[in-house]
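One structure below.
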Amino acid sequence: MNITCYASSSAGNCYVVSCGTEHIMVECGLPIKTIRTRLLSSGIPLSSIRACLVTHLHGDHSLGALALSNSGIPVYASFETLTACGINDNAKTLTEWKQTRISDTSFYVLPFEVEHDCAGAFGFIITYATEKLLFINDTSGLKWDLSHWKFNHVMIECNYVPERLIANNDVIALRKANSHMMLDVAKDILAKLDLSRCESIYLMHLSDTNSDEPRMKKEVSEKFGIPTYVCSKNGGAQ
């Protein structure tokens, strides 16, 4: 699996997972014109995207969903998310813990509920042949025991560190803190997974003001000894 970040923040999230010539998008929280431009910057035309998975209905994850659907790209999400996005054509409703083949690709997705401040929010286990990717975005934690899975890649939200949140006295962020994941929780979740085959960890959705990118990357990479990347706001991963 090759993973590319095209946006990662409260201003928009968009990622592409590729295996050979098959590309699927995960999150589409940007205008479709921006998505098309950023894809082309890495040599991927929008028409080559076989499907899009959307975790939940908030705009920074779903803004481009209707336009993608109208362009003929199937959108996979919960019933609540598809309904909120107004998607009828090319709507693919996901059911919790039911594995679904993604379009006519060799990708499969297994969705599971995550705790967020809206209905129908999902995390995903994405499989291609023997490779497995865990994708967890916009949630305060993980209530499921996934220790029996051997993940090759993990993409996990790492939104803030409490000290900075408190120091900034960010009233809105303080109110939303219980729906986003802090560094220590991300590390606790990772510690409970079987990472014996894991090749990469991607930290997503960092807060502009309440994160600490160098600390987050250092603590995760040192704790697990696995190449760790921070997904950047405007694309790329360092």
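None of the figures in this text is laboratory data; all of them are computed from the coordinates on show. No experiment lies behind these values; they were computed from the predicted model shown. Cβ: placed from backbone, ideal geometry, glycine included. Neighbour counts: every protein chain shown.
For a straight C-alpha distance cut-off of 15 angstrom, the aspartates and glutamates reachable from Lys98 (same-chain residues fewer than eight places away being disregarded) are Glu113. Among the listed pairs Lys187/Lys233; Lys192/Lys223; Lys33/Lys233; Lys92/Lys233; Lys143/Lys233; Lys132/Lys223, those whose Cα-Cα separation exceeds 23 Å are Lys92/Lys233; Lys143/Lys233. Size of region 130-238 from its Cα atoms: along the principal axes, largest to smallest, the extents are 44, 29, 23 Å. With kT/(6 pi eta Rh) evaluated at 25 °C and eta = 0.890 mPa s, and Rh the Kirkwood radius from Cα pairs, region 1-85 diffuses with a coefficient of 198 µm²/s according to Stokes-Einstein. Quick one: grab the alpha carbon gyration tensor of region 166-209, order the square roots of its eigenvalues as a ≥ b ≥ c, and give me rounded if a/c is under 1.5, else prolate or oblate depending on whether a/b is larger than b/c. Here region 166-209 falls in the prolate category. In the chain, taking the dipole from charged Cβ atoms about the Cα centre, the farthest positive-side position among Tyr6, Gln99, Leu82 is held by Tyr6. Rounded to the nearest 500, what is the chain's calculated 222 nm mean residue ellipticity when only DSSP H runs of at least 4 contribute -39500 (n - 2.57) each, over all residues? The helix contribution divided over the chain gives -6500 deg cm²/dmol. The convex hull around the C-alpha trace of the chain, projected and averaged over every direction, spans 11.5 square nanometres.
If you average the C-alpha positions of region 183-231 and of region 1-79 separately, how far apart do those two centres end up, in angstrom? One Cα centre to the other: 23 Å. Comparing Ser71, Ser140, Ser211 in a Gaussian network model of the chain, where Cα atoms under 10 Å apart are tied by springs, the biggest mean-square fluctuation is seen for Ser71. Of the peptides 30-42, 13-25, 149-161, the ranking by mean beta-carbon count within 10 Å, highest at the top, reads 149-161, 13-25, 30-42. Just add up the charged neighbours of Asn13: K/R +1, D/E -1, any other residue whose Cβ is under 9 Å from the Cβ of Asn13. Net charge around Asn13: -3. Each Lys and Arg Cβ is given +1 and each Asp and Glu Cβ -1; about its Cα centre, the chain then shows a dipole of about 420 debye. Multiplying the residue separation of Leu174 and Thr83 by 0.36 nm and removing their Cα-Cα distance gives an extension gain of 29.8 nm.
Among beta bridges identified by DSSP and lying wholly in region 2-230, the antiparallel ones come to about 55 percent.
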